[in-house]
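One structure below.
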Amino acid sequence: QVQVVESGGGLVQAGDSLRLSCAASGRMFSSYGMGWFRQAPGKEREFVAAISWTGRSTYYADSVKGRFTISRDNAKNTVYLQMNTLKPEDTAVYYCAARYSQFGSTWGNDYDVWGQGTQVTVSS
């Protein structure tokens, strides 16, 4: 079965950068869009960024525009989230998700496969 696995999280200081990776494995039956979501303790899951199969279209939450960049390398079945100028409010578990469609989406219920999550902690 298809799986996605996140990596690259850690503990950093405010203003630092991190690069998260999401690797997909298993049988892929069609082109797929990808997204990143995050969830802090006691809060609802929120959208962070999404990208289409071709990489032509990208979407970002207002809170991360100008600081985060989503990209993909389809030859490696991997999606990345470059996070710059991190803030304490970025602290959360970050989840990667894939959908069996060429389009990315800002809505979590559009996605078919979810990863286990990777912790990002930003200290002040």
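The values are calculated or read from the model by the stated rules, or taken from the named source; none is laboratory data. Just so you know, these numbers come straight off a predicted model, no measurement behind them. A quick note on method: Cβ atoms are made from the backbone with ideal geometry, for glycine too, and the neighbour counts reach across all protein chains shown. With ligands, DNA and RNA removed, areas are computed over all heavy atoms of the protein, side chains included. Shrake-Rupley method; radii C 1.70, N 1.55, O 1.52, S 1.80 Å.
Odds and ends about this structure:
- Phi angles of the stretch 87-101 translate, via the Karplus equation with coefficients 6.51, -1.76, 1.60 and θ = phi - 60°, into HN-Hα couplings of 10, x, 5, 7, 4, 4, 8, 9, 10, 9, 9, 10, 10, 7, 7 Hz per residue; Gly and Pro are given as x.
- Selection from ILE70, GLY8, LEU18, by position along the positive dipole direction of the chain (Cβ): ILE70
- Point-to-point label distance, SER57-THR85, nm (Cα→Cβ direction, 7 Å offset): 2.7
- Size of electric dipole in the chain: Cβ of Lys, Arg +1 and of Asp, Glu -1, about Cα centre, debye, nearest 20: 240
- What the chain shows is 54 Å² of accessible area per residue, with the surface traced by a 1.4 Å probe over protein heavy atoms.
- Beta bridge orientation in the stretch 10-124: antiparallel %, DSSP, nearest 5: 90
- Each Lys or Arg adds one and each Asp or Glu subtracts one; over the other residues with Cβ under 15 Å from the Cβ of TYR32, this totals +2.
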